[in-house]
1. Compute the length gained on full extension between Leu126 and Ile75: take 0.36 nm times their separation in residues and subtract their Cα-Cα distance, giving the result in nm to one decimal.
2. What's the local net charge at Phe184, with K and R +1, D and E -1, over the other residues with C-beta under 15 Å away?
3. Would you please give the residues with an amide H less than 5 Å from that of Ala19, counting only those at least 5 places away or on a separate chain, with H modeled from the backbone geometry?
4. In Å², and per residue, what accessible area does the stretch 69-136 have when probed at 1.4 Å with the other protein chains present?
Amino acid sequence: ALASTTNAMAAASNYSAAAKPGLYANFNIGYAYQTGKGSLAFDALTLDKRTEHKFGWNAYMGYNFNLKANSGIAIEGGYADYGSMEWRNEGSDGVDIDQTAFIAQLVYNYGWKRNLDLFAKAGLALGRTNINTDGTAMTTNSTLSTSGTMSNQKLWNIVPMATLGFTYNFMEELGVNFMWEHIFGEKFKSSNIDEFQAVDAFMLGLIYRFDF
């Protein structure tokens, strides 16, 4: 009896949740790096003061299906905020862009050893680029221009994405994640503001597996 209890405790302390079927929730915060660099120049205007707001977060709900004793495959959907960038000059001219996305991914989970699971994700992001202009920086036909009507634009694009990461499981229901997300977008330019900007995000958070 003592041997059985000891074995059970050892198994519990080295638990892999990669194959656990069921619903889970995942929330993460971290660093979001967007690719827009340097100054923006269009017509006779140059915006050469760039500020990056790199805080990002995401939240997912998913369902994991058992494949083998130490692996599973999941489908998940969620929402992410990838921060914002600002371009200014010495005057009142400026452009602000903010990027968010609705995300759908297929996930492969693998229980590597002890409490550590590895995962890889691939899917699509419905990305929204929110562009605000002021001063003489105006948006015209999805480009930046000094002529036209100053406006706020929300532009949508579907772009592929991929994620790699690992989970350390404290218990069957709860674990901590670290992940790298990459969105295969474009580099933001004054001539292609209708494209979703490429993003690299490094996130840390928690996963909770529901036990119904």
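The values are calculated or read from the model by the stated rules, or taken from the named source; none is laboratory data. No experiment lies behind these values; they were computed from the predicted model shown. Here the Cβ positions follow ideal geometry from the backbone for every residue, glycine too, while neighbour counts run over all protein chains shown. Please note that ligands, DNA and RNA were not included when accessible areas were found on the heavy atoms of the full protein model with its side chains. Shrake-Rupley method; radii C 1.70, N 1.55, O 1.52, S 1.80 Å.
1. Details: separation 51, 0.36 × 51 = 18.36 nm, distance 1.62 nm.
So the chain would gain 16.7 nm between Leu126 and Ile75.
2. On the way: positive: Lys121, Lys187; negative: Glu181, Glu186, Glu195, Asp200.
My count for the surroundings of Phe184 gives -2.
3. Amide H neighbours of Ala19, under 5 Å, 5+ apart: Ser71.
4. Numbers: 2750 Å² over 68 residues.
Ligands and nucleic acids excluded, the result is 40 Å² per residue.
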